[in-house]
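Colleague: Before I ask anything, here is the structure I am working with.
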Amino acid sequence: MKESFDTAMKRQDHSRSEALFAEACKYIPGGVNSPVRAFKSVGMSPIYIDHGIGGHLIDVDGNEYIDVVSSWGPHILGHAHPEIISAVQETAKKGTSFGACIPMEVEMAKTIQDFFPTMEMVRMVNSGTEATMSAVRLARGYTERPLIIKFDGCYHGHSDAFLVQAGSGVQTFSSVQNNGVTQSAVSETLIAHFNDLTSVEQLFEEHPGQIACVILEPVMGNMGVILPEEGFLEGLRRITEREGALLIFDEVITGFRLSRGGAQEHYKIRPDLTCLGKIIGGGLPVGAFGGKREIMEHLSPQGAVYQAGTLSGNPLALSAGLAMLHLLAKPETYPQLQQNSDYFAKGVKALIEPYKEQVTYNVSGSLSTLFFNKAEVKDAQSSRRSDTELYARYFRGMLAEGIYIAPSQFEATFVSAAHTKSDLARTHEAMQKVLSTLFAE
């Protein structure tokens with residue numbers, strides 16, 4: 001089975017990718033600029049992408065793939081959307097960065113608020129990591145409390161305070177999580193368990209009046225897709241309000257994906273602060289955080305909580321992001337995304353029926369994960385019991401079939417509005433072929 005996948009892979013020419021990776025290893029640590037790109041966990045060297053169009057990627061060797069990674073989420077409208085490309089080109093003619101105020105900053109803040117009414121004021125940053133670290137600093141400054149609660153397996157970027165029991169790449173590589181991160185940096189980070197309100201209550205009891213905020217992905221996307229159980233998010237809202245702590249939703253992945261207004265609209269929960277990234281840049285580096293006016297007014301220069309960035313709200317990112325958001329606001333966009341998502345999920349559920357003792361499928365909107373796990377996956381602990389070696393073989397098989405999925409068991413599949421029914425049907429066919437090979441007697 002493994003051999004047959006590897007044989008199929010050899011039919012694809014990856015010689016230029018392999019040569020590029022060998023050269024990259026001489027100059028870039030591990031040969032990559034973000035760990036999961038190394039493909040180590042799936043037993044091969046990375047492929048190098050030349051370009052993308054719609055729901056497809058083409059690598060430097062000319063191999064074409066149906067892409068269900070979508071640059072880890074932001075390409076909800078597919079690659080190289082002509083309106084987004086045009087907006088960036090026109091803006092670039094005027095200059096790439098000024099380190100000064102521009103009119104698009106105001107338009108972007110108003111547009112984000114239109115999608116996310118809880119974000120009464122918005123501060124632009126350059127990444128999701130900047131958004132979450134800034135939101136936590138603001139929460140501490142606003143409440144004048146030192147401690148934060150995060151959840152085992154939730155990933156909020158690579159800021160020191162978050163690199164304890166994080167998901168995503170940290171879990172993929174099973175690295176020693178505090179190499180380079182001091183104990184003091186994580187000593188004020190408390191860990192609770194997703195879908196376990198008792199673990200949260202216990203931390204508030206142990207640290208009365210000391211917890212500034214609870215931060216989480218309302219739908220986990222960095223241990224694979226894990227949904228909140230009924231009453232969990234409502235319980236967090238109730239506890240934080242009672243204890244005077246802030247509730248922060250990290251919607252870097254779920255924002256605009258589960259609904260027009262993200263997970264908070266879908267689940268009808270009003271967080272105090274929201275963090276966004278990826279998608280609001282239309283593929284360019286960007287992030288934002290925002291929330292209640294009375295909290296956001298504590299930010300410098302109006303308040304005493306300092307946060308800054310020369311490239312925050314730069315014209316290229318804002319022009320791409322505004323073009324993206326204006327397209328998302330069109331009445332036909334979300335029905336198309338929902339239609340694609342429903343079609344894809346229905347097909348996956350049908351084809352995995354013979355293998356329900358070997359795999360578990362979690363889906364929320366246009367996000368989903370196929371876990372090589374015999375049991376229900378409802379938290380980080382159960383996700384970690386997935387068979388990562390089997391997933392690696394599955395990845396290689398799918399790549400051989402021309403489907404580009406995440407090179408880690410602990411990530412999501414992203415359906416886009418740009419995928420055609422033919423793309424999704426072809427992905428189903430590949431899944432059926434690979435799974436039947438994997439689980440053959």
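Colleague: Can you pull the accessible area of M104 for me, 1.4 Å probe, Å² to the nearest 10?
Modeller: 40
Colleague: Hey, what's segment 179-333 come to in accessible area per residue, 1.4 Å probe, Å²?
Modeller: Heavy-atom SASA per residue in segment 179-333 reads 37 Å².
Colleague: Taking a 1.4 Å probe, which of T240, T437 shows the most accessible area, and what order do the others take after it?
Modeller: These residues rank, largest area first, as T437, T240.
Colleague: What pairs in K150/K346; K150/K378; K349/K421; K40/K421; K268/K346; K94/K292 have C-alpha atoms more than 27 Å from each other?
Modeller: Too far apart for the 27 Å limit: K150/K346; K40/K421; K94/K292.
Colleague: Let me ask something additional. Take the Cα pairs of the chain, get the Kirkwood Rh, then feed it into Stokes-Einstein at 25 °C and 0.890 mPa s and tell me D in µm²/s.
Modeller: Approximately 109 µm²/s, per Stokes-Einstein.
Colleague: Can you sort V60, V200 by solvent-accessible area, 1.4 Å probe, largest first?
Modeller: Largest accessible area first, the residues go V60, V200.
Colleague: Give the share of C-alpha pairs in each 5 angstrom bin for segment 286-388, from 0 to the last occupied bin, in whole percents, shortest bins first.
Modeller: Computed distribution, short to long bins: 2, 9, 12, 11, 11, 11, 12, 14, 10, 5, 2, 1.
Colleague: Hey, another quick one. Got a number for the accessible area of E217? Probe 1.4 Å, square angstrom, nearest 10.
Modeller: 10
Colleague: Of G313, Y334, T274, which is farthest along the charge dipole of segment 256-378 in the positive direction, counting Lys and Arg as +1 and Asp and Glu as -1 at C-beta?
Modeller: Y334
Colleague: Same structure again: In square nanometres and to one decimal, what's the mean projected area of the convex hull around the Cα atoms of segment 254-337?
Modeller: That works out to 6.3 nm².
Colleague: Sort largest first and round to whole Å: the equivalent ellipsoid semi-axes of segment 3-153, each the square root of five times a Cα gyration tensor eigenvalue.
Modeller: Each semi-axis is √(5λ); the values are 37, 24, 16 Å.
Colleague: In Å², what does the accessible area per residue of segment 1-116 work out to with a 1.4 Å probe?
Modeller: 55
Colleague: Say R0 is 22 Å: what FRET efficiency, to the nearest 0.05, do A19 and I53 get from their beta-carbon distance?
Modeller: 0.35
Colleague: State to the nearest 20 debye the size of the charge dipole of segment 264-357 about its Cα centre, where the only charges are +1 on K and R beta carbons and -1 on D and E beta carbons.
Modeller: Taking the Cα centre of segment 264-357 as origin, the dipole is about 60 debye.
Colleague: Whose amide H sits under 5 Å from the amide H of F256, counting only residues 5 or more places off or on another chain, with H placed in the peptide plane?
Modeller: Sorted by chain and number, the residues that satisfy this are G262, A263.
Colleague: To continue, here is another question. Using only helices, what value at 222 nm comes out for the chain when you add -39,500 (n - 2.57) per DSSP H run of length 4 or more and divide by the total residues, to the nearest 500 deg cm²/dmol?
Modeller: Calculated at 222 nm, the ellipticity per residue is -12000 deg cm²/dmol.
Colleague: Taking θ = phi - 60°, what integer Hz values does the Karplus form 6.51 cos²θ - 1.76 cosθ + 1.60 yield along segment 265-275, in sequence order, with x for Gly and Pro?
Modeller: 6, 4, 9, 6, 10, 9, x, 7, 9, 10, 10
Colleague: Applying the Karplus parametrisation 6.51 cos²θ - 1.76 cosθ + 1.60 with θ = phi - 60° to the phi angles of segment 296-309, what ³J(HN,Hα) value in whole Hz is obtained for each residue in order, glycine and proline being reported as x?
Modeller: My calculation for segment 296-309 gives 5, 5, 7, 6, 5, x, 7, x, 9, 8, 8, 7, 7, x Hz in order.
Colleague: Could you pull out the GluC sites (Glu not before Pro) across segment 197-247 that fall in loop regions by DSSP (anything but H, G, I, E, B) with no more than 15 other Cβ atoms inside 10 Å?
Modeller: E229, E230
Colleague: Determine, from the Cβ-Cβ distance of T333 and E90 and an R0 of 25 Å, the FRET efficiency 1/(1 + (r/R0)^6), rounded to the nearest 0.05.
Modeller: That gives a FRET efficiency of 0.70.
Colleague: Ordering R393, R384 by accessible area with a probe of 1.4 Å, largest first, what comes out?
Modeller: Largest to smallest exposure gives the sequence R384, R393.
Colleague: Just want the answer: with Cβ charges of +1 for Lys and Arg and -1 for Asp and Glu, which residue in Q89, I28, N362 is farthest toward the dipole's positive end in the chain?
Modeller: About the Cα centre, the residue reaching furthest to the positive side is Q89.
Colleague: Only Cα pairs within less than 10 Å get springs; with that Gaussian network setup on the chain, which residue of G52, G290, G282 has the largest fluctuation?
Modeller: It is G52.
Colleague: Read phi for every residue in segment 222-238 and hand back ³J(HN,Hα) as whole Hz from Karplus 6.51 cos²θ - 1.76 cosθ + 1.60, θ = phi - 60°, with x for Gly and Pro.
Modeller: Karplus values, whole Hz, x for Gly and Pro: 10, 10, x, 6, 10, 8, x, 6, 3, x, 5, 5, 4, x, 4, 4, 5.
Colleague: Carbon and sulfur: what percent of segment 44-172's accessible surface (1.4 Å probe)?
Modeller: 54
Colleague: Still on this structure, I have one more. Determine, at each q value in 0.15, 0.25, 0.26, 0.27 (inverse angstroms), the log₁₀ of I(q)/I(0) that the Debye formula gives when each Cα of segment 22-93 is one equal point scatterer.
Modeller: Log-scaled intensity ratios, in q order: -0.65, -1.15, -1.18, -1.20.
Colleague: Note down the accessible area of M133, probe 1.4 Å, to the nearest 10 Å².
Modeller: Surface open to solvent at M133 totals about 70 Å².
The values are calculated or read from the model by the stated rules, or taken from the named source; none is laboratory data. Note that this is a predicted model, so its numbers are computed, not measured. Virtual Cβ from ideal backbone geometry, glycine too; neighbours counted across all protein chains shown. Just the protein is used for accessible areas: all its heavy atoms, side chains included, with ligands, DNA and RNA removed. Shrake-Rupley method; radii C 1.70, N 1.55, O 1.52, S 1.80 Å.
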